[in-house]
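The values are calculated or read from the model by the stated rules, or taken from the named source; none is laboratory data. The structure presented is a predicted model; accordingly, all values stated were derived computationally and were not measured. For neighbour counting, all protein chains shown are included, and Cβ atoms are generated from backbone atoms with ideal geometry for every residue, glycine included. All accessible areas refer to the heavy atoms of the entire protein, side chains included, with ligands and DNA or RNA removed. Shrake-Rupley method; radii C 1.70, N 1.55, O 1.52, S 1.80 Å.
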Amino acid sequence: MYVDFIFTSGRFNGSSFSLFTRNMSLDIVRALAIVGGRCVFSIARGFALTELNFINMTTGWRCYYRLQCYFVPLL
């Protein structure tokens, strides 16, 4: 699974960071690797945690909430 977060305003406007992980859809808490980005986050490294909020096994619909990122950006 790949997720790219792009900032469109504020202090980090134009910067982004990327998260990668295996898609372990039944894990309640998932760890994702932060593997860089653009501008301020160009050499960012760290990890992020997501927590499963809702899953419907019949339809396959999943909804996640709470993303916590731990990294040191290049400022």
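Points worth noting:
- Matching entry among SER16, SER42 (being under 15 Å from PHE71 (Cβ atoms) and in contact with an Asp or Glu (Cβ under 8 Å, 6 or more places away or on another chain)): SER16
- Yes/no for ARG38 being open to solvent by less than 80 Å² (accessible area, probe 1.4 Å) and of a type in the set (Lys, Arg): no
- Residues satisfying the stated conditions in region 3-34, i.e. closer than 14 Å to GLY46 by Cα and part of a loop (DSSP other than H, G, I, E, B): THR21
- Extreme residue, modelled with the lowest pLDDT, among residues of region 49-72 that are surrounded by 11 or more Cβ atoms within 10 Å (Cβ to Cβ) and either among the hydroxyl-bearing types (Ser, Thr, Tyr) or more than 17 Å from PHE7 (Cα to Cα) (or both): TYR64
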